[in-house]
Amino acid sequence: MIIAQISDTHVFRDAPDADLRASDLERTIADINALKPAPDVLIHTGDMAHGGRREDYALAASLLRKSHAPLYVAPGNRDDKENLRHAFSPWACRASGGEFLDYAIEDFPLRLIAIDTVSRGTNKGDFSEEHARRLIELIDAETTKPIVAFMHHPPYIVTVGPDPLNFVTPEAMARLQRTLQHSGRVIAVFCGHVHRSTGGRIGAIPVVVMPCTATSLRKGDYPPQMRDRPVYHLHRIDAANGLCTQARIVEAAAADADGCQRRSA
């Protein structure tokens with residue numbers, strides 16, 4: 001199975017670089033659509049619209065609807081969950097109403113579970129006892145397929161960037177880690193939020209964090225040929241090779257891409 005991932009598009013009509021952010025997203029979707037073989041699915045790991053306004057989601061949706069692959073979204077700290085639901089349910093968001101925007105996708109050989117890590121009033125993630133109960137129910141609803149989880153906040157200590165802990169408390173992050181490990185069937189976790197590429201592990205589970213799609217907000221050092229080109233991730237998962245993640249440079253030749261970093265799934 002091939003999963004394309006984008007994150008942190010921060011679409012915002014009032015931003016000084018609003019046109020660039022929209023262009024970065026549009027170019028990325030066009031690049032993903034041109035892939036051969038095509039990805040089975042496209043996931044967005046949050047902070048889709050910087051201000052969380054309906055008009056910003058409408059712009060994002062008009063660009064994301066061009067994706068040839070089915071799209072699914074998880075919320076980020078900059079998102080307004082109700083406006084996100086309004087713009088993307090049911091075609092890219094299968095969550096019902098209520099406090100949490102989390103759901104499972106059953107349409108593929110791997111189960112995809114979107115996890116809501118948003119905490120009100122802070123840019124950090126949270127994961128309550130109630131949310132743990134809900135996630136266990138989602139995980140245990142089907143017991144034969146491996147699971148790939150996607151969320152906004154990285155649920156491990158990130159050693160790059162200014163703040164290693166991206167949750168409100170270490171206890172909240174540890175609760176999420178325990179919940180992800182409880183079944184033994186979660187084989188990978190994909191995240192965003194820190195605006196740079198990094199990775200870690202939760203026990204045996206690899207966690208891959210991608211840089212933000214909006215080039216003007218991306219963190220870290222990039223060679224000159226990459227600075228004005230969005231980057232997205234392609235995750236290839238199979239029984240023989242486990243997880244192989246490739247960073248794809250938009251509009252760059254395949255030989256210029258970062259290549260595969262293999263991880264045991």
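Which residue is surrounded by the fewest Cβ atoms within 10 Å (Cβ to Cβ), if the candidates are limited to the range 123-142 and must be of a type in the set (G, A, S) and either at pLDDT below 95 or outside any loop (DSSP other than H, G, I, E, B) (or both)? Among those residues, the one meeting the criterion is A132.
Within the range 200-220, the set of residues being free of Cβ contacts under 8 Å to residues at least 60 places away in the same chain, surrounded by 22 or more Cβ atoms within 10 Å (Cβ to Cβ) and among the small types (G, A, S) is empty. The condition of being touching a Leu at 6+ places or on another chain (Cβ under 6 Å) and of a type in the set (V, I, T) does not hold for V158. R120 - would you say it is assigned to a loop (DSSP other than H, G, I, E, B), surrounded by fewer than 22 Cβ atoms within 10 Å (Cβ to Cβ), under 16 Å from the mean Cα position of the chain (by Cα) and at pLDDT below 95? So R120 does not fit the description; no.
Please work out if R236 is part of a strand (DSSP E or B), more than 25 Å from I157 (Cβ to Cβ) and at pLDDT 95 or above.
Working: part of a strand (DSSP E or B): yes; more than 25 Å from I157 (Cβ to Cβ): yes; at pLDDT 95 or above: yes.
Criteria met by R236.
Listed conditions (1) buried (at least 17 other Cβ atoms within 10 Å of the Cβ); (2) outside any strand (DSSP E or B); (3) at pLDDT 95 or above are all met by K145, apart from (1).
For the range 1-24, filtered to residues that are buried (at least 24 other Cβ atoms within 10 Å of the Cβ) and aliphatic (A, V, I, L, M), the residue that is farthest from A58 (Cα to Cα) is I3. The listed residues are D80, D56, and the only one of them that is crowded, with 21+ Cβ neighbours inside 10 Å and over 13 Å from the mean Cα position of the chain (by Cα) turns out to be D56. Whether any residue in the range 146-157 is under 19 Å from N77 (Cα atoms) and over 16 Å from the mean Cα position of the chain (by Cα) is what I want to check. Checked the range 146-157: at least one residue is under 19 Å from N77 (Cα atoms) and over 16 Å from the mean Cα position of the chain (by Cα).
Quick test for you: out of S67, S7, S62, S23, pick the one residue that is of a type in the set (S, T, Y) and under 15 Å from the mean Cα position of the chain (by Cα). Even if it seems obvious, please write down each step before you answer.
On the way: S67 fails: under 15 Å from the mean Cα position of the chain (by Cα); S62 fails: under 15 Å from the mean Cα position of the chain (by Cα); S23 fails: under 15 Å from the mean Cα position of the chain (by Cα).
Within the list S67, S7, S62, S23, the selection yields S7.
For A34, the conditions (1) of a type in the set (G, A, S); (2) without any contact (Cβ under 8 Å) to a residue 24 or more places away in the chain; (3) buried (at least 17 other Cβ atoms within 10 Å of the Cβ) are fulfilled apart from (3). As for the range 94-107, it holds no residue that is surrounded by fewer than 23 Cβ atoms within 10 Å (Cβ to Cβ), without any contact (Cβ under 8 Å) to a residue 40 or more places away in the chain, of a type in the set (D, E) and assigned to a helix (DSSP H, G or I).
The values are calculated or read from the model by the stated rules, or taken from the named source; none is laboratory data. The model shown is predicted, which means the values in this text are computed figures rather than measured ones. Glycine gets a Cβ as well: all are built from the backbone with ideal geometry, and neighbour counts include every protein chain shown.
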